[in-house]
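To start, I am sharing the structure in question, which I have written as structure tokens.
The values are calculated or read from the model by the stated rules, or taken from the named source; none is laboratory data. All figures in this text were calculated on a predicted structure; none of them were measured in a lab. Every residue, glycine as well, gets a Cβ built from its backbone with ideal geometry; the counts of neighbours run over all protein chains shown.
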Amino acid sequence: MPALPTGDPVPANGALPSSALTTIADTEFALYLHVPFCRVRCGYCDFNTYTKPELGGHGATIDTFADAAIAEMDVAQAVLTAGGATPPSVSTIFIGGGTPTMLPAADLVRMVAAARERWGFADNIEITTEANPDTITPEVAAELAAGGFTRVSLGMQSAVPSVLATLERTHNPANVATALRACRAAGLAVSSTSSMARQGRPWGNGG
Ligand SMILES: C[S@@+](CC[C@H](N)C(=O)[O-])C[C@H]1O[C@@H](n2cnc3c(N)ncnc32)[C@H](O)[C@@H]1O
Ligand code: SF4
């Protein structure tokens, strides 16, 4: 087996290596926020995500998550600006999960605003949230768009109820079209993580 290339040793205090800090101003800054909550777990899913009973009332909750994520941004800001380094403005934000839209839209918007306050946004920034189709209403879509989101990534594995049941998916296939229309009406681009999208169906990668 080939040896791995030698890298910088990991600093013990959680800081970035100095080689990273000296080039940070010229590095693209993409922010990923992971929201680890789901109403139910789908049997095939390998993502780090939890239902309410699994959490058992301990640790992060849906109610406290946005504030915890914003506090974490302050830690990131301290790491990124150590020694006078200047991080660039953010060029993309992707909120994934889990099911980020289990949080109130206002909390998703608050997390985006907190990123903007700390780092600023590049021109033409893309801001995406993943969503289960059941969680997108016209009101939610409008609130996301008004809060700066540019795209929603809808999870849809199939339009066939028996396939969805086998996959332990809870969403009603009809809700995909409803959610898609709501996003489009709000001016949001839509992409999909469905296998249908990969086959080039019109609701995938709708931009
Ligand atoms: C992480 S979920 C987030 C959105 C939302 N929770 C949902 O499922 O609709 C996004 C997508 O990840 C994909 N996914 C889940 N488990 C996967 C796995 N084990 N391998 C590949 N893709 C997976 C599914 O296609 C799902 O739609
Ligand atoms: S809803 Fe999405 S994130 Fe949650 S278990 Fe299912 S595929 Fe995974």
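Before we move on, is G98 within 16 Å of ligand 1 (Cβ to nearest atom), of a type in the set (G, A, S) and modelled with pLDDT under 95? Lay out the reasoning, then the answer.
Working: within 16 Å of ligand 1 (Cβ to nearest atom): yes; of a type in the set (G, A, S): yes; modelled with pLDDT under 95: yes.
Against the criterion (within 16 Å of ligand 1 (Cβ to nearest atom), of a type in the set (G, A, S) and modelled with pLDDT under 95), G98 qualifies.
Give the residue that is nearest to ligand 1 (Cβ to nearest atom), with candidates limited to residues of the stretch 101-121 that are of a type in the set (A, V, I, L, M) and without any contact (Cβ under 8 Å) to a residue 60 or more places away in the chain. Explain how you work it out, then say what you get.
Residues of the stretch 101-121 that are of a type in the set (A, V, I, L, M), as a first pass: 102-103, 105-106, 108-109, 111-115.
Narrowing the set further to residues that are without any contact (Cβ under 8 Å) to a residue 60 or more places away in the chain leaves 105-106, 108-109, 112-114.
Values: A105: 15, A106: 19, L108: 13, V109: 18, V112: 18, A113: 22, A114: 22 Å.
Applying the filter and picking the extreme gives L108.
Can you pull out every residue in the stretch 122-152 that is of a type in the set (S, T, Y), within 30 Å of A25 (Cβ to Cβ) and touching a residue at least 40 places away in the same chain (Cβ under 8 Å)?
T128 - this is the single residue of the stretch 122-152 that is of a type in the set (S, T, Y), within 30 Å of A25 (Cβ to Cβ) and touching a residue at least 40 places away in the same chain (Cβ under 8 Å).
Please tell me if T92 is over 26 Å from T166 (Cα atoms) and of a type outside the set (A, V, I, L, M, F, W, C).
Yes, satisfied.
Each row is one residue, and each column tells you yes or no for (1) more than 11 Å from the chain's Cα centre (by Cα); (2) surrounded by 23 or more Cβ atoms within 10 Å (Cβ to Cβ).
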{"position": "T92", "(1), (2)": "no, no"}
{"position": "G96", "(1), (2)": "no, no"}
{"position": "L103", "(1), (2)": "yes, yes"}
{"position": "R110", "(1), (2)": "yes, no"}
{"position": "A114", "(1), (2)": "yes, no"}
{"position": "E117", "(1), (2)": "yes, no"}
{"position": "D123", "(1), (2)": "yes, no"}
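Scanning the stretch 125-138 for residues that are of a type in the set (D, E, K, R) and more than 20 Å from S89 (Cβ to Cβ), which turns out farthest from the chain's Cα centre (by Cα)?
Restricting attention to the stretch 125-138, the residues satisfying the condition of being of a type in the set (D, E, K, R) are 126, 130, 134.
Those still in the list that are more than 20 Å from S89 (Cβ to Cβ) too: 130, 134.
Details: E130: 6, D134: 17 Å.
Top of the filtered list is D134.
Restricting to the stretch 43-102, name every residue that is assigned to a helix (DSSP H, G or I) and β-branched (V, I, T).
Matches in the stretch 43-102: I70, V75, V79, T101.
Could you tell me whether the stretch 67-78 includes any residue that is without any contact (Cβ under 8 Å) to a residue 60 or more places away in the chain and within 16 Å of ligand 1 (Cβ to nearest atom)?
No; the residues of the stretch 67-78 include none that is without any contact (Cβ under 8 Å) to a residue 60 or more places away in the chain and within 16 Å of ligand 1 (Cβ to nearest atom).
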